[in-house]
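Asker: Just dropping this structure here.
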Amino acid sequence: MSKISVRRAGVEDTAIVIDLLVALAEYEKLTPPDAAGRERLSAELVSATPRFEAYIAELGGNAIGCAVVFETYGTFRAKPKLYIEDLFVLPEFRGSGAGKALFQAMIELARNRGCGAMEWTALDWNTPAHDFYYRMGGRKLDSIKVFQLEL
């Protein structure tokens, strides 16, 4: 069996990242980015000052998953935090170690950047994701509720 590798997505990977994000939206039963949204994602990925970074998990040279991250800041810790917006592995490659490789690569990235924490969310119905994050050492914060205002 080939080894899973994780690398930062480059300009040449824009279509791959978008395809994986569309697959994630389909898995989560959410509306994927429309054409204008895909153009904005593409522009961000190649921007000189991108608002997010994407990482790709590969097996045998094929992209099978991705993570999308950005930094936030924790004022009480007075340290940055790495926020995982998306972590996704194509369903047919679940159990291959790709999710674990992506997650561990994000932990290493956060540590290398001096982050005091790493945070993410998971949909309430997605118990496979909850189980994965618990196995990876994550804990659910009951003391904090996520709120959102759509603009």
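The values are calculated or read from the model by the stated rules, or taken from the named source; none is laboratory data. No experiment lies behind these values; they were computed from the predicted model shown. Ideal geometry is used to build each Cβ from the backbone, glycine not excepted, and the neighbour counts take in all protein chains shown. Each accessible area value is taken on the protein alone, full model and side chains, heavy atoms only, with ligands, DNA and RNA left out. Shrake-Rupley method; radii C 1.70, N 1.55, O 1.52, S 1.80 Å.
Asker: Taking 0.36 nm per intervening residue step and subtracting the Cα-Cα distance, what contour gain separates Leu149 from Tyr27 on full extension? Don't skip to the answer; put the middle values down first.
Answerer: Values: separation 122, 0.36 × 122 = 43.92 nm, distance 2.36 nm.
Computed gain between Leu149 and Tyr27 is 41.6 nm.
Asker: Restricting everything to alpha-carbon atoms, can you work out Rg to Rh for the stretch 26-151 with a Kirkwood hydrodynamic radius?
Answerer: Details: Rg = 15.3 Å, Rh = 16.1 Å.
So for the stretch 26-151, dividing Rg by the Kirkwood Rh gives 0.95.
Asker: How high is the FRET efficiency from Asp34 to Ile107, r the C-beta distance, R0 22 Å, rounded to 0.05? Walk me through the intermediate numbers first.
Answerer: Values: r = 33 Å, r/R0 = 1.50.
That gives a FRET efficiency of 0.10.
Asker: Regarding the stretch 101-151, what whole-number volume in Å³ per residue does the convex hull of its Cα atoms give? Before the final figure, lay out each step's value.
Answerer: Details: hull volume 6.5 nm³, N = 51.
Taking only Cα atoms, the stretch 101-151 has a hull volume of 127 Å³ per residue.
Asker: On to the next question. If each residue of separation counts as 0.36 nm, what is the full-extension length gain between Asp142 and Lys3 once their alpha-carbon separation is subtracted?
Answerer: Details: separation 139, 0.36 × 139 = 50.04 nm, distance 3.63 nm.
Gain on stretching Asp142 to Lys3: 46.4 nm.
Asker: Tell me, what ³J(HN,Hα) does each residue in the stretch 89-99 have, in order and in whole Hz, if you take phi through Karplus 6.51 cos²θ - 1.76 cosθ + 1.60 with θ = phi - 60° and put x for Gly and Pro?
Answerer: 10, 3, x, 6, 10, 5, x, 7, x, 5, x
Asker: Report, by chain and number, residues whose modeled amide H sits under 5 Å from the one on Gly74, excluding near sequence neighbours (fewer than 5 apart, same chain).
Answerer: So Gly74 has HN proximity to Lys79, Lys81.
Asker: Exposed loop trypsin sites (Lys or Arg not before Pro) only (DSSP loop, at most 12 other Cβ atoms within 10 Å): please give the longest stretch of the chain free of them, not including the sites. Walk me through the intermediate numbers first.
Answerer: Details: sites that count: Lys3, Lys29, Arg51, Arg77, Arg113, Arg139, Lys140, Lys145.
With trypsin sites (Lys or Arg not before Pro) excluded where exposed in loops, the chain gives 78-112 as its longest stretch.
Asker: If you don't mind, there's one more thing I want to ask. Determine ³J(HN,Hα), in whole Hz, for all residues of the stretch 136-141 in sequence, where each value follows from phi through the Karplus function 6.51 cos²θ - 1.76 cosθ + 1.60 and θ = phi - 60°; x replaces Gly and Pro.
Answerer: Those phi angles translate into 7, x, x, 9, 7, 8 Hz.
Asker: Okay, moving on. If you rank Glu119, Glu71, Glu150 by how much accessible surface each has, with a 1.4 Å probe, what is the order from largest down? Write down the numbers at each step before the final one.
Answerer: Working: Glu119 60, Glu71 85, Glu150 150 Å².
If we order Glu119, Glu71, Glu150 from most to least accessible, we get Glu150, Glu71, Glu119.
Asker: Let me ask something else. List the lysines whose Cα sits under 28 Å from the Cα of Lys145, skipping any in the same chain fewer than 8 residues away.
Answerer: Lys29, Lys79, Lys81, Lys100
Asker: Please identify the longest segment of the chain free of exposed chymotrypsin sites (Phe, Trp or Tyr not before Pro), where exposed means a DSSP state other than H, G, I, E or B and no more than 13 other Cβ atoms within 10 Å.
Answerer: Numbers: sites that count: Phe76, Trp125, Phe147.
The longest uninterrupted stretch comes out as 1-75.
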